[in-house]
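Read the structure below first, then the notes.
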Amino acid sequence: MKSLPANVLRILDANLNRLREGLRVLEDIRRYGFDDQPLAFKLKALRHEARLPDGFALLHARDIQNDVLKTTTHSEASRASLEGIALANIKRAQESARVLEELLKLEDSAQAERFKQIRYALYDIEKSLF
């Protein structure tokens with residue numbers, strides 16, 4: 001991954017974090033909010049699978065101070081229910097998996113395919129949630 005430009009690494013870093021954060025929110029909702037061990041375990045397994053080699057290259061590309069959209073939008077400022085939080089986070093995770101899939105095609109098609117499979121697993125989980 002070190003051969004990718006810093007701006008691509010920055011996008012990968014942001015989306016990997018976003019994907020894992022969304023999965024964690026969903027995992028905790030299913031684990032603590034619904035005592036749903038099978039789905040919480042599936043989400044945990046996906047979260048652990050959502051990794052890339054050479055995380056240090058991603059970390060070095062991170063530039064939070066210059067993130068032009070880091071402020072919270074109005075729609076992100078409140079949620080009405082656990083279901084609303086789950087919906088927002090499943091969509092966040094799916095979108096991030098898609099970005100990772102597309103950008104990883106620049107260097108590693110096997111990694112791209114892995115994130116495609118994560119995305120499809122999330123579509124299946126979404127159907128079971130709602």
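The values are calculated or read from the model by the stated rules, or taken from the named source; none is laboratory data. None of the values given here were measured: they were computed from a predicted structure. For neighbour counting, all protein chains shown are included, and Cβ atoms are generated from backbone atoms with ideal geometry for every residue, glycine included.
Here Glu49 passes the criteria (1) touching an Asp or Glu at 6+ places or on another chain (Cβ under 7 Å); (2) surrounded by fewer than 16 Cβ atoms within 10 Å (Cβ to Cβ) except the one numbered (1). Residues in the range 92-128 that are farther than 17 Å from Leu16 by Cβ and touching a residue at least 60 places away in the same chain (Cβ under 8 Å): Ile125, Ser128. Between Phe56, Phe115, Phe41, the distinction of being aromatic (Phe, Trp, Tyr) and within 17 Å of Leu4 (Cα to Cα) belongs to Phe56 only. Of the numbered criteria (1) surrounded by fewer than 16 Cβ atoms within 10 Å (Cβ to Cβ); (2) of a type outside the set (Val, Ile, Thr); (3) at pLDDT below 95, the one Pro38 fails is (3).
Of the helices (runs of 4 or more DSSP H) entirely within the range 1-111, those holding at least 1 residues that are under 14 Å from Leu129 (Cβ atoms) occupy 6-28, 37-49, 82-104. Scan Leu106, Leu43, Leu100 and give me the residue that is in contact with a Phe, Trp or Tyr (Cβ under 8 Å, 6 or more places away or on another chain), under 19 Å from Gln117 (Cβ atoms) and modelled with pLDDT of 85 or more. Checking each option against the conditions leaves just Leu100.
Going through the range 81-123 one residue at a time, which ones are of a type in the set (D, E, K, R) and surrounded by 16 or more Cβ atoms within 10 Å (Cβ to Cβ)? Arg92, Glu95, Arg98, Glu101, Arg114, Lys116, Arg119, listed by residue number.
Checking the range 83-94 against the condition returns a match, with at least one residue being more than 13 Å from Val25 (Cα to Cα), at pLDDT 95 or above and not hydroxyl-bearing (Ser, Thr, Tyr).
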